[in-house]
Structure formats: structure tokens, C-alpha cells
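Chemist: Take a look at this one; I'll ask things after.
Derivation of every value follows stated rules applied to the coordinates shown; laboratory data play no part. Just so it is clear, the structure is predicted and the values come from calculations on it, not from any experiment. Virtual Cβ from ideal backbone geometry, glycine too; neighbours counted across all protein chains shown.
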Amino acid sequence: MGMPPMMVPKTEAGKRPVMLLTGASRGIGHATVKVFAMAGWRILSCSRQAFSDKCPWPSGADDHVQINLEDPVDTMRGITEIKRRLQVEGGKLHALVNNAGISPKSPDGRRMGAANTDFNDWHRVFQVNFFAPIMLARGLLDELEAAKGSIVNVTSIAGGRVHPFAGAAYATSKAALAALTREMASDFGSLGIRVNAISPGEIDTAILSPGTDKIVESQIPMRRLGTTEEVAKAIMFLCTAQSSYVNGAELHINGGQHV
């Protein structure tokens with residue numbers, strides 16, 4: 001017999017499961033908060049900006065931590081603040097979703113390749129897309145272990161193939177994050193922490209690049225964009241008991257674009 005549907009992990013009486021999400025203000029992050037909030041989770045969000053009134057979820061402003069993930073020192077300061085806030089929940093973190101990512105463009109809006117990406121941009125992209133996730137995971141390891149929690153890293157289809165819009169620094173940082181996911185799954189599994197990744201393809205957000213419609217027509221068997229809610233539901237799956245024996249996986253959410 002299969003397991004019954006289970007939307008949230010088991011917690012102490014009266015305690016909500018807690019998720020920490022980076023990059024919550026738009027797109028996939030925004031949809032993820034809404035899906036988890038509807039399922040009864042408490043969401044701690046973090047970004048470099050103050051909480052936006054465009055994010056209409058309960059206790060949003062009170063549960064927002066302003067962190068500049070481009071700055072390692074400020075990231076460590078933010079981790080200390082997050083740990084303090086988690087004490088209210090008994091020092092437990094049930095899910096860490098590393099969703100924040102940056103992909104700088106050239107002044108005329110074109111992708112920046114390996115030959116013309118400034119070193120400072122390489123460093124900035126890797127700090128946000130690669131180093132921040134492992135800093136957060138290591139800094140909150142005790143809280144994740146206490147909850148037998150899950151980590152979900154958001155990679156990208158660009159991490160496995162050259163993409164016409166995603167820059168070289170972004171693509172290589174996402175490839176590195178996929179490899180890091182496997183390493184973390186191996187290292188943290190014995191602590192009861194599962195680590196997986198989702199790899200979105202072309203998702204319908206406000207930042208679609210011109211020409212995406214051609215990719216949909218020629219490369220995606222399902223002939224449509226994915227929705228942010230579809231991605232959010234996959235993240236939910238990886239953070240609940242429905243995926244209790246899934247560890248070290250990278251789930252491709254792209255309508256078959258990678259086949």
C-alpha cells in the first residue's frame with residue numbers, strides 16, 4: 001500500500017513546520033511561499049531588500065530577514081539572526097530552500113559568455129548562487145538535524161547545457177550547485193537531512209527573455225511554459241514525507257526540454 005498524502009512533516013503539538021526560503025519576492029520563490037503557507041507552514045524569507053507589501057502572506061514582514069547574500073560577512077550575520085528566530089520553534093528548521101539566484105546581463109541586455117564576463121561578476125554570481133547555499137546549510141545544520149529536515153537547491157536547465165539566454169557564470173554556478181547537492185546528500189544523510197535539487201526549464205515569470213516562445217515551439221515536447229506553481233509543488237514534494245527516500249536527486253521540471 002502506498003503512503004497516504006501528507007502535506008506537512010510531523011511536529012510537536014501546536015508547532016508549525018518552518019521553512020527558510022531565499023529569493024521569495026517574485027517568480028518561483030513567491031509561488032513557493034504561497035503553496036507552503038496554504039499548507040500551514042511558517043515561512044522565514046530572506047533577501048537583500050526589506051519586506052515588500054507585494055508579498056501578501058501572513059506574518060510576512062515579521063518573518064523576513066534582510067540579508068545581502070552577495071556579502072559573505074552579511075550572510076553570516078543573517079544566519080545568526082535566523083538561528084535566533086528559530087528558537088521560538090524549538091530550534092528546528094524543517095526545510096531550507098535555496099532559491100535566490102542572479103544572472104547579470106551586458107548593458108544591452110545580452111547574455112554574458114565566458115570570454116566577456118568580468119571577474120567581479122563571476123565572483124558575485126558564485127557567491128549568491130553557490131556559496132550562499134552551503135553557508136546557509138552549514139550554519140543551520142543543527143536546526144535542520146533537530147527537525148530531520150530537507151534542503152532543496154534550485155539549479156537550472158542551464159547547468160547541463162549551453163542556454164541562449166543564461167550567462168556563463170550563471171550556468172556554471174548552477175552546474176556546481178547540482179554537484180554540491182550530491183555531496184551534501186552524501187554528507188548530511190546520516191544526520192537525517194535529505195538534500196535534493198529542482199532544475200527548472202522555461203517557467204512563465206515576469207522576467208522571460210525575448211525569444212522564449214521559439215524555444216517553446218522547437219524544444220519543449222509539451223509545447224508550453226511551466227508555471228511557478230508547478231515548480232512550487234515539486235519543492236513541496238521534496239520537503240515532505242511523500243519523498244522520504246529521495247536523497248541526492250535533481251528533479252527536472254521542463255516539460256521534456258532536456259530529452
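Chemist: Pairs, please: C-beta under 7 Å, at least 6 apart or cross-chain, first residue touching a residue at least 60 places away in the same chain (Cβ under 8 Å) and in region 179-203, second hydroxyl-bearing (Ser, Thr, Tyr) and in a helix (DSSP H, G or I)?
Modeler: Ile203/Thr228
Chemist: Please note which strands (runs of 3 or more DSSP E) are completely contained in region 84-200 and include at least 3 residues that are out of contact with any Leu (no Cβ under 9 Å at 6 or more places or on another chain), buried (at least 20 other Cβ atoms within 10 Å of the Cβ) and among the hydroxyl-bearing types (Ser, Thr, Tyr).
Modeler: Hits in region 84-200: none.
Chemist: Output the number of the condition that Thr205 fails; it satisfies all remaining conditions of (1) more than 18 Å from Ile28 (Cα to Cα); (2) among the polar types (S, T, N, Q); (3) assigned to a loop (DSSP other than H, G, I, E, B).
Modeler: Result: Thr205 passes all but (1).
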